[in-house]
Every structure is written in C-alpha cells, then in structure tokens.
Amino acid sequence: TDLRPLDILSEVVPAGGLARGMRVFQVQGVRGFQLAASRPRSLGFPASRLFIHCDRFPEEFSIIVTLRVLRVPTKRNEYVFTLMAEESPGVLVGLRYAPDKLHFLFWSQERAGGWQTRVTFPNVSLSDNQWHTLVLAVSGQSFSLTVDCSIPKDVVVETPFPASLSVERASFYLGNRRRRKGVFTGLLRQLVLLPGADATPRICTAMNLKVAMLSVPTVLQDLPAKPASNEVLKYPYETDMKVTLGSQPPCTKQEKAQFWFNASRRGLYLCNGSAWISMLEVKQKLDYVEEHQNLVTNSETMGVEVFTIPKVGLFAATANRYSPPGSAIYKWTDGKFVPYQNIPTYQAQSWKYFTIGRKIFLAVANFEQNGRGQEVSVIYKWSHRKEKFIPYQRITTHSARDWEAFVIEGEAFLAVVNHREGNNHNIDSVIYRWNPRTGLFETNQTIPTSGAYDWEFFTIGPYSFLAVANTFNGTSTKIYSHIYIWLSGSFQLFQSILTFGAADWEVFHIGDRVFLAVANSHSYDSGMPAPSNFYAINSSIYELNITAQMFVKFQDLLTYSALDWEFFSVGDDSFLVVANSFDGFTFSVNSIIYRWQGYEGFVAAHHLPTVGCRDWEAFHTAEGSYLLYSSAKEPLSKVLKLKTT
C-alpha cells in the first residue's frame with residue numbers, strides 16, 4: 001500500500017447513506033456511529049478494498065480510534081474492530097476493550113498452526129461518557145498507546161508483530177468479531193489505519209485532543225450552522241438527549257448537553273458543562289400567601305432549620321424551649337411535615353445542618369444546663385444505617401444562641417455564639433476547626449462578643465467574612481456589631497456597625513450587588529431616658545460599596561422587635577421577610593414580606609399574621625415554594641405556601 005491513511009470506518013458506510021445496523025448519534029456536539037449487534041456480518045468488508053496493491057498487512061503502522069465508551073461490565077470484552085480470515089474463527093488483527101484495559105490482538109504464522117498474541121495496556125480508563133482519541137503505534141516488538149495525546153504507555157513483548165501477515169480472503173469487521181457476543185456498545189467516530197508511521201505527531205496538533213481528526217466519514221463531519229438553502233439535513237442524526245426531573249442535579253462535564261426540567265418553576269434548563277442555562281422558563285410571580293400546615297411542636301420554638309439529606313428527603317428541625325420533651329425533627333411526607341425523631345435538648349435556641357465530605361451533621365445550641373448540671377451543646381451525626389441522628393461530639397458552651405458552619409480554603413469550621421456566662425454578657429464566642437485526623441472539632445480562635453445572638457458567614461470573591469450580631473453589653477443594646485474578614489489564618493476586624501439589640505444578620509445578593517440586613521430587636525440604655533417604645537425601631541439594610549470597601553446603609557425599615565430576616569426569590573423577583581415578634585403591647589404582630597423594587601428599595605408587599613415570630617425558613621419542593629415560621633410564644637409553627645401566577 002502507499003503510505004496514506006486507510007479509513008476503515010468510511011469503508012463500511014455506503015455512499016449517500018448508512019449501512020444496516022448503524023445509527024448516527026450526536027453527543028456533546030460530536031457525532032459517532034452506534035452499532036447494532038443483530039447483524040455483525042453486515043458491518044464488514046473485504047480487506048482487499050483497502051489493500052489494493054498488496055495482500056500483506058503493514059509491518060509498522062498506527063491505528064487511530066476516536067470513541068465514546070459506555071460502562072462495560074466487569075467480565076465483559078467489547079471489540080472495536082477485527083480482521084478475520086473467512087475460513088477461520090481466529091482474529092488476525094483486532095482491538096478490544098475491557099474495563100480499565102485495552103487489548104491489541106494479532107496472529108503469528110511463523111510456526112506451524114500459528115498462535116494469537118495479546119498485548120495488554122492496563123489502567124486505560126475510558127468509561128467516563130467522554131470522547132477519547134487513541135493512537136496505537138506498532139513496530140516489531142514495541143507497542144505504544146497514546147490516549148488523548150497524554151504520555152504514551154509503552155509495552156515491549158517477546159513476540160514481534162509479523163513481518164508478513166497475509167490478508168488474502170480476510171475481512172474487516174466493525175465493532176465485532178463476526179459474532180453477536182462482544183459487540184461494541186459505545187459510539188465510534190474515527191477508525192483509521194496509517195501504514196509505516198507513528199500517527200501521534202499528526203494527531204496531537206488539534207485544539208480538542210479528545211476528538212482529534214485524521215479521517216472521519218462525511219456523515220459524521222460537522223455541518224454548517226445554517227443550510228445553504230431550504231433543504232433538509234442530508235445526513236439525519238439522533239442526539240443522546242437526557243432530561244432529568246426533580247430537584248436540581250449537578251452540572252459538570254459529565255452532564256454537558258443534558259437537560260433538566262424543573263417542575264416547580266416550569267422551566268427547562270441546559271447544562272453547559274458548569275452551570276444550568278435557562279432555555280424555557282415560565283417566570284413566576286408571587287400572587288399571595290396561604291396557610292398550608294399548622295405544625296404542632298413539642299413546645300415554643302426558638303428556631304427552625306430546613307435541610308435535605310440526599311436520597312433520604314427533606315427535613316425540618318425545631319429548637320424547642322422545654323426539656324422534656326426536647327426538640328423534634330420532622331420529615332416532609334406527602335406534602336406535609338410529620339414527626340420523625342425526638343432529640344433531648346435544653347432550651348434549644350437553634351439548629352445548624354452541615355456536611356463534611358460524606359459525613360452529615362446537625363448541631364444544636366443549648367441555652368441551659370442539662371440534667372447533670374453541664375452546659376453543653378451537641379453535634380449529632382446522621383447514621384445511614386439507623387437513618388437517625390446520633391450524638392457525635394459535645395462542646396462546652398455558655399447560653400449558646402447559634403451555630404454557623406463554613407469552609408475556608410478546604411477546611412471546615414464551626415462557630416458558636418455564646419450569649420452570656422451567668423450575668424456576664426461580655427464573653428468570648430468560639431470558632432472551632434475540624435481536625436480530619438481525630439474527626440473532632442477543636443478550638444481555633446476566640447472572639448469577644450456582647451450578649452451575641454447570631455453568626456453570619458459569607459464570601460465576596462476570594463474573601464471570607466463572619467458577622468456577629470451583638471445584642472446587649474450589660475447596660476445597653478445600643479452597641480456595635482462587628483464584621484470580621486479572614487486574613488492570614490484568622491478572622492480580623494473589618495467593620496463595626498452600630499446596632500440596637502441585634503438578633504440576626506442576613507446576607508444576600510441581587511444581581512452583582514451585595515447586601516447585609518440586620519434585625520434590631522429593642523432599644524434600651526440604662527443611662528438614657530426610656531423611649532416611647534423600646535421595640536418599634538428601624539432595622540437596616542446595608543450595601544457593599546466596592547470603592548469604599550465597606551458596607552454603607554442602604555435602607556431603614558420600621559420593625560417590631562425583629563428577630564430574623566429571610567431572603568428568597570420567586571421567578572425574577574427578590575423578597576425579604578422579617579420576623580416581627582413584639583410591638584410593646586402584644587406578641588400578635590404582622591410579619592411583613594418586602595418586595596425588591598429596584599430604585600425604591602424594599603417595599604412592603606404582604607402582611608402575615610404571626611404570634612411571637614422567631615424564625616423564618618424558605619424552602620422549595622416539587623410541589624412549589626413555601627415559608628415556615630416558628631413561634632416563640634406558642635407550641636404551633638406554620639407552613640405557608642407561596643401562590644404564584
């Protein structure tokens with residue numbers, strides 16, 4: 001033969017069409033053939049069509065293959081191609097794939113009867129649903145495999161490739177060895193034999209090394225984005241389109257070009273390899289809020305945490321005042337929260353759900369001592385076997401109000417808010433660092449706080465921040481709350497903001513803008529005349545000013561002993577809901593949903609009757625979007641459904 005690429009794949013494709021048993025699929029923007037196992041002989045052709053002037057297989061050559069392998073069962077082999085004599089079941093030349101291995105087969109006829117030699121390349125992992133280009137270079141006893149132009153794998157064997165291998169009355173078979181067993185189940189895009197040369201330098205010049213092209217059948221080549229006329233596609237093809245339903249799946253290179261249908265938002269999204277891009281979405285608008293469920297709790301509820309355990313379900317943990325009976329965990333079942341697990345707590349204030357690797361944790365902030373006189377808060381770990389939370393680590397705290405979990409530079413942290421020790425409100429709150437060797441949280445840093453209620457962690461670009469809500473210093477609620485920034489392995493003071501009995505910080509983003517809202521609960525100063533109302537005071541929203549490198553006040557909103565802010569979105573609209581708990585006369589106070597109105601800021605949109613409202617949580621299910629509020633004054637919390645148009 002002359003030294004030109006011999007396109008084995010193109011020989012199987014008849015001019016202007018496809019052979020029986022072949023279909024064209026497009027995956028990740030690249031087309032390939034899928035081969036049927038029912039008619040293996042139809043995917044063959046005589047070797048004489050390639051070896052026109054000589055009936056001997058080249059002594060030195062390269063085989064170039066571009067393929068996409070599906071997951072192959074552990075003990076199964078699949079043939080990429082074979083060259084077989086008509087009168088013999090033996091394989092003269094062949095390439096087959098097994099899990100994490102590639103085998104090159106050839107027949108040596110130098111001795112009577114001959115024998116088959118197998119050259120194995122171990123640790124060749126192709127079953128990742130990605131396209132790969134392989135170059136197998138053969139010369140005598142040396143065999144070299146290059147995958148996606150990476151470092152070659154070289155193998156030297158005792159038996160050299162035959163110098164004179166006859167292909168008289170032999171045929172090539174695509175994706176099989178003339179039998180149904182072992183048929184290639186993936187996609188083939190390129191299969192080329194290049195006599196006399198190592199093809200690696202010719203292949204490894206392309207931009208996309210995984211689909212580098214030496215010779216590809218016309219039917220698989222890219223078509224112009226727009227036909228030259230009104231003609232239909234000359235070569236129809238199918239796409240490997242998969243639509244996922246349910247909650248948002250991951251979007252990585254594995255899921256590229258796959259679709260996700262979000263039933264609750266009635267939206268269709270396409271994965272671009274890193275993020276879900278909206279293709280078709282009905283933009284929902286919040287119309288009104290309706291009562292969905294009265295959730296009877298063990299006692300008054302100081303805080304609530306809604307979380308999802310993968311492959312288990314959606315849960316809500318309530319931090320209840322009295323022990324017994326302690327606090328409870330509820331599971332979302334048939335559209336309602338139902339009791340799932342009771343956990344002994346001691347005037348629990350809040351829960352925090354977090355994960356470290358595959359470990360799942362739930363930490364409770366206990367305000368009072370346990371039955372043995374110990375003042376401890378407890379971290380619980382999810383047992384996959386028992387499907388329950390079990391005690392994992394106890395940490396000494398002082399009237400703990402809140403936990404915050406976060407990750408910085410790959411390390412896991414857990415911060416506790418210590419409210420007071422005895423009558424002393426000016427004490428240290430503690431940041432703990434996870435020790436992967438011991439599997440425990442260990443003290444990393446202490447920060448002075450004053451009757452603190454809440455930690456809020458957030459990131460802006462490469463920077464990590466931690467804001468504390470200081471409530472009372474022993475004489476006044478008019479004190480500074482602080483924002484800390486992570487620098488050189490610890491938190492350093494970044495900014496101080498004057499607050500009035502601050503009970504909560506809430507960070508949120510609207511477009512490229514970053515906001516921080518504080519819930520001010522009451523105004524009291526022992527050295528100043530009493531105001532007309534301690535509890536009717538402004539809570540404030542601050543916006544990050546990039547130029548000044550600080551948060552500046554954006555808007556004041558009149559609140560009534562506000563204890564919590566919760567940010568949520570419906571369609572393209574952004575909302576803030578405040579937990580108003582007491583107006584100076586009654587705990588039956590309207591909590592308010594504010595709608596973002598751009599230049600106007602946040603404007604009151606919905607007034608929700610609540611009783612001693614302590615905490616809000618927004619969550620989504622396949623049925624829609626909801627708000628859950630906890631009452632610190634009655635053993636009844638409520639689930640509200642957001643009705644949209």
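The values are calculated or read from the model by the stated rules, or taken from the named source; none is laboratory data. Note that the structure is a prediction, hence the values are computed from the model and not measured. Note that each Cβ is placed from the backbone with ideal geometry, even for glycine, and that neighbours are counted across all protein chains shown. Please note that ligands, DNA and RNA were not included when accessible areas were found on the heavy atoms of the full protein model with its side chains. Shrake-Rupley method; radii C 1.70, N 1.55, O 1.52, S 1.80 Å.
Here the extension length gained between A197 and Q141 equals 18.7 nm, from 0.36 nm per residue of separation less the Cα-Cα distance. Rounded to the nearest 0.05, the FRET efficiency derived from the C-beta distance between R513 and D583 at R0 = 45 Å is 0.90. Label-point separation (nm) for A163 and T355, each offset 7 Å from Cα along Cα-to-Cβ? Result: 6.2 nm between the two label points.
Could you do me a favour and compute the accessible area per residue for region 492-588, 1.4 Å probe, result in Å²? Write out the running numbers ahead of the final one.
On the way: 4190 Å² over 97 residues.
Per-residue value: 43 Å².
Short to long, the 20 Å bins of the Cα pair-distance histogram for region 286-644 hold 30, 63, 8 percent of all pairs.
When the solvent-accessible surface of protein heavy atoms is calculated with a 1.4 angstrom probe, in what order do E59, E255 fall, highest first?
Values: E59 90, E255 50 Å².
From most exposed to least exposed: E59, E255.
For region 6-220, dividing the convex hull volume of the Cα atoms by the residue count gives 119 Å³ per residue. Sorting the segments 166-175, 412-421 by their residues' average number of neighbouring beta-carbon atoms within 10 angstrom, most packed first, yields 412-421, 166-175. Accessible surface calculations at 1.4 Å, restricted to protein heavy atoms, place region 87-132 at 45 Å² per residue.
Full extension from D573 to E411: what is 0.36 nm times the residue separation minus their Cα-Cα distance, to one decimal in nm? Walk me through the numbers before you get to the answer.
Working: separation 162, 0.36 × 162 = 58.32 nm, distance 3.43 nm.
Length gained, D573 through E411: 54.9 nm.
Where does each of 463-469, 551-557 land if you order them by average Cβ count within 10 Å, highest first?
Details: 463-469: 22.0, 551-557: 16.0.
For the peptides 463-469, 551-557, the packing ranking is 463-469, 551-557.
Ordering L102, L487, L245 by accessible surface, largest first, gives L245, L487, L102; the 1.4 Å probe counts only protein heavy atoms, with every chain in place.
Placing +1 on the Cβ of every Lys and Arg and -1 on the Cβ of every Asp and Glu, with no other charges, gives the chain a dipole of roughly 2700 debye about its Cα centre. Dipole orientation for the chain: of the candidates S247, F259, W403, F259 has the Cα lying most toward the positive pole (charges on Cβ; Lys, Arg +1; Asp, Glu -1). Taking the accessible area of the chain, probe 1.4 Å, and keeping the other protein chains in place, the carbon and sulfur fraction comes to 50%.
Taking label positions 7 Å along the Cα-Cβ direction at both E59 and I546, the computed distance is 6.8 nm, reported to one decimal.
Net charge within 14 Å of T586 by Cβ-Cβ distance, Lys/Arg positive one each and Asp/Glu negative one each, not counting T586 itself? That sum, taken over residues with Cβ under 14 Å, equals -1.
Among 182-189, 118-125, 511-518, how do they line up by average Cβ neighbours within 10 Å per residue, starting with the highest? Mind dumping the intermediate values first?
Values: 182-189: 21.6, 118-125: 14.1, 511-518: 17.5.
Most protected by this proxy first, the peptides run 182-189, 511-518, 118-125.
Based on the alpha-carbon gyration tensor of region 518-557, what equivalent-ellipsoid semi-axes (square roots of 5 times the eigenvalues) come out, in whole Å, largest first? Display every interim value, and only then the final one.
On the way: eigenvalues 153, 26, 9 Å².
For region 518-557, the semi-axes come out at 28, 11, 7 Å.
Taken along the Cα-to-beta-carbon direction at a fixed 7 Å, the label points for V312 and S150 span 3.6 nm. With coordinates expressed along the principal axes, the C-alpha atoms belonging to the chain extend over 109, 60, 50 Å, beginning with the largest. Can you bin region 595-636 into rounded, prolate or oblate? Criterion: square roots of the alpha carbon gyration tensor eigenvalues sorted a ≥ b ≥ c, rounded for a/c under 1.5, prolate for a/b above b/c, oblate for the rest. Oblate, since a/c reaches 1.5 and b/c is not below a/b.
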